[in-house]
1. Taking Ala362 as meeting all but one of (1) under 20 Å from Phe57 (Cβ atoms); (2) touching a Ser or Thr at 6+ places or on another chain (Cβ under 6 Å), write down the number of the exception.
2. Would you check which residues across region 190-208 are out of contact with any strand residue (DSSP E or B) (no Cβ under 7 Å at 6 or more places or on another chain) and in a helix (DSSP H, G or I) and list them?
3. Determine the pairs where a residue that is farther than 16 Å from Ala362 by Cβ, located within region 208-223, has a partner that is of a type in the set (Lys, Arg) and surrounded by 13 or more Cβ atoms within 10 Å (Cβ to Cβ) with Cβ atoms under 8 Å apart, the partner being 6 or more residues away or on another chain.
4. Looking only at region 82-102, which residues are within 12 Å of Thr260 (Cα to Cα), surrounded by fewer than 24 Cβ atoms within 10 Å (Cβ to Cβ) and more than 21 Å from the chain's Cα centre (by Cα)?
5. Run Gly110 past the list (1) surrounded by fewer than 19 Cβ atoms within 10 Å (Cβ to Cβ); (2) more than 30 Å from Lys465 (Cβ to Cβ); (3) modelled with pLDDT under 95 and report the number of the one that doesn't hold.
6. Of everything in region 288-336, what is in contact with a strand residue (DSSP E or B) (Cβ under 6 Å, 6 or more places away or on another chain) and either among the hydroxyl-bearing types (Ser, Thr, Tyr) or outside any helix (DSSP H, G or I) (or both)? Give them in sequence order.
7. Take region 485-508 and flag every residue that is of a type in the set (Val, Ile, Thr) and assigned to a helix (DSSP H, G or I).
8. Quick check: anything in region 238-248 surrounded by fewer than 15 Cβ atoms within 10 Å (Cβ to Cβ), outside any helix (DSSP H, G or I) and either in contact (Cβ under 8 Å) with a residue 12 or more places away in the chain or aliphatic (A, V, I, L, M) (or both)?
Amino acid sequence: MKSPNGLSFKFLKNDLPAGLVVFLVALPLCLGISLASGAPFFSGLISGIIGGIVIGFLSGSKLSVSGPAAGLAALVLAAIHNIGSFDLFLCAVLIAGILQIAIGVAKLGGIAIYFPSSVIKGLLTSIGILIIAKQIPHAVGYSNERSVLTETGNEYWHPLLQPLQQIQPGVLLICIVSILLMLLWDRPFIRNKVKFIPGALVAVVVAIILNEIFKGTNSALTVGKDHLVQIQAAKSASDFFSFFTLPDFSGFTNSKVIVTGFMIAVIASLETLLSIEAVDNIDPERNVTNTNRELIAQGIGNSVAGLIGGLPITAVIVRSSANLHAGAKSKVSAIFHGILLLVCVITIPSLLNMIPLAALAAILLLTGYKLCKLSIFSQMIKNGKYQFIPFFVTVGVILSIDLFGVYPPLKGEGLLIGVIAGLVAAFGAVLHGNLKNAYFFHKDKYHEGDVIKIRLAEEVSFLNKAAIRETLDHLPENSTVVIDASRTNYIDFDVLELIKEFRDIKAPLKNIECSLDGFHETYQIENQLRVQSGH
């Protein structure tokens, strides 16, 4: 039986176990992202519940799972500090949700394609570094609540090194054990045997057991209450609903709140669209998600989150890929994981309060590392100057403002300013190239069965990506296409990836014979000419 919104219950034997796996992945992440965001732990769980139940019901994606995003944690942390209160910040989340709905209604769901991947990777890399910096105090047991990202204090030590003044051995030990466990759990000889049990959950369980042993033996390594999760337990239904936080609607007239809402909308929409595209690419059934509908669903979810005290929500690739690999067939699995989170919050808050923050910090340290590992930097350099210049400009500006505080009045706004700086650098590089070589895109008229000849210009930049994708996506079935790059001096990395995706994935699905001609060896894409390309 299938409902009008695409909800199907015929795969319950697949979806319910998958939903359980996603719940086990999502629970520690919801708590960890709350920690990284400097927000109440309950707020992350609220967003996980909304992402599962509300967005899961409204989304057009069968396999995507939404929830609080690690990619927004640094922005949320700085925004709450700059705005001054969590309830004012919730108004920004509500504004972001309304903007996302407007973007979806205006059918601008393809907006992500206009952002060069170099800038997006620079943004994510910066976020990874910021997450790591924020988790150092929780990893070592530093009690000073002033964040290394928000205050410098009057101490003699540099703000980034201040946590090292106060290391608690028990906290540090739990963090190290948690990291080693997750790294070990990710090794093939373990992962392939217990693939449905996430390493993050194992780390949390072991951390609880370790601290209980410390406590039972009166060890000096015992982690105190200040370094444990703290969620209020509800004694009644009315008590439970009192835990929700309502937004301060005066934020609609606050310029800082409005700017923050805009930043959340842009970054959350980009992260969602990128996640959705990634999920569609690994979906064995090759379902294509309507991006406009997805943004409307995300906008409604964020609006609800802003109204009841949740963190910003996006589609999340970690949960989505876990959902797919666990065998999910429909969005019932995402909804079921949201229901499990709700049941968990109501029934076992005392168990959640036993989780050491060091275990959550360990999860976030690895999450941050995956976003900013050294291989990303080396790969961007190999991709050429049109990739690495915008990338390094984006990373440099964001870290200068939000990590090192080179200009304190702008602290907390580094993500937006960094993205703008990266876009300016990317556009500047493209305009410099186009001054020398004019761009053109040639497309012959065609009918089904004809040979279609697409000749690329001397310079093909990421600005041409959307037009090229639109043309390739509208080619008729059972046709033959020749993409000729014999006259090009430069093809943007994003366009090359687009051509590879069309040749290897989309063309076979439409029975299109795709030939490539004239691509240089430096493009790392082999020529496969089956028909004459013509001139």
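1. (1)
2. Listed by number, the residues that qualify are Ile190, Arg191, Gly199, Ala200, Leu201, Val202, Ala203, Val204, Val205, Val206, Ile208.
3. Once the first residue is farther than 16 Å from Ala362 by Cβ and sits in region 208-223, its partners that are of a type in the set (Lys, Arg) and surrounded by 13 or more Cβ atoms within 10 Å (Cβ to Cβ) give Thr222/Lys215.
4. Within region 82-102, Asn82, Ile83, Leu88 qualify.
5. Every condition holds for Gly110 apart from (2).
6. Once the filter is applied, which keeps residues that are in contact with a strand residue (DSSP E or B) (Cβ under 6 Å, 6 or more places away or on another chain) and either among the hydroxyl-bearing types (Ser, Thr, Tyr) or outside any helix (DSSP H, G or I) (or both), region 288-336 yields Leu311, Ile313, Ala315, Val316, Ser330.
7. Val495, Ile499, Ile505
8. yes
The values are calculated or read from the model by the stated rules, or taken from the named source; none is laboratory data. Because the structure is predicted, anything quoted here is derived from the model rather than measured. Ideal geometry is used to build each Cβ from the backbone, glycine not excepted, and the neighbour counts take in all protein chains shown.
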